[in-house]
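Quick note: the coordinates plus some simple rules give every number you see, no bench work behind them. This one's a predicted model, so the numbers in the text were calculated from it and none came from an experiment. Note: ideal-geometry Cβ built from the backbone for every residue, glycine included; neighbour counts use all protein chains shown.
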Amino acid sequence: MKLHTEKEQLLNLEYNTYRLRNLYWKDVGKFKELMDYLPYGYYLNNKENSQYEAMDAKLIGKGREIEILVEKGMEYLPEISNVELLRFLNNKIQNYYKQSIEKAGLSYLQQIRINGEMTDLHTTKYFLQGSIYLNMICFLPELGKLEGMAAKILRPLERKHHLLWKRYRLLSDSAREMIDMLSKGMDNKQIGGQLHLSTHTVKTHLKYIYEKLDVRTLAELIRIHQFIELAE
C-alpha cells in the first residue's frame, strides 16, 4: 500500500501502536524482539510519577537531550520543550489518565529540542498494565521513510478501514464482548443471561453499537468484528 498523506501515515502509527500494545499483553518477549526491527522509538512511563520505566536505544541515541531526559525524568521536559504546547499537552494527558479507557489511545504532537534544534514529534500513548503506559514516538521529518520501513514488517491499515478501526476501538469492553457473543451464534436472550442483563437492555446496547459502527446488518457487524480481531 502506498501512503499518500501525513494523516494516513500518523494513523498507521497509531494503529501499529495499538497492535504492538496487544502483542505486549500476549508475549513481552516477541514485543521486544519486534521492536528491535521497527523504526519507531518507544518508552514506558508510569502515570504515578515523572520517571521513565524504560526507553529504547533508538530513541536515546537521537541526542544528548534525550539521554539527560532519561536521567532526570519528565521534570527536565520544560527545559527542552515548547513550554506553551507542553502545558496544553499535560492537561490533555491528565484528562486521558482520568478516563482510564484501556482500549482507547491518545495521540499528540509535541516539540522538543534535540541536538540544539526544535524538533516536531508525534506520540501515540496506550494503556499497558497497572499504571504503566506504552508510548510510540515518530519524528515528523522522518515520517514517510519510517512508515515505508514499518510497512515491510507490519501490515498497514488500508485506507478504507481507517474510520472503521477508529470507531471500533472506542467501543467499551462490554460492547465488544456482545459482538463476540453474536459472532458465536448467541441470541439476545442468551447474551443477556451471560451478562446478567435484560433482553431490552441488550437490544438497546446493540442499537448503540450498530449506530456507532454505522452498520445495518448482523452479518456486516460480524465481518467487522472478525476483521478487527484478526488485525490485532
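Listing for the model above:
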read-out: Too-long pairs where the Cα-Cα distance tops 24 Å, listed order kept, from Lys30/Lys98; Lys58/Lys166; Lys26/Lys125; Lys166/Lys189; value: Lys30/Lys98; Lys58/Lys166; Lys166/Lys189
read-out: Bins of 10 Å, starting at 0 and running to the largest distance - Cα pair percent for the stretch 171-231; value: 23, 61, 16, 0
read-out: FRET E, pair Thr217, Asn95, Förster distance 25 Å, beta-carbon r, rounded to 0.05; value: 0.10
read-out: Sum of side-chain charges, Met35 neighbourhood, beta-carbon under 13 Å (Lys, Arg +1; Asp, Glu -1); value: +1
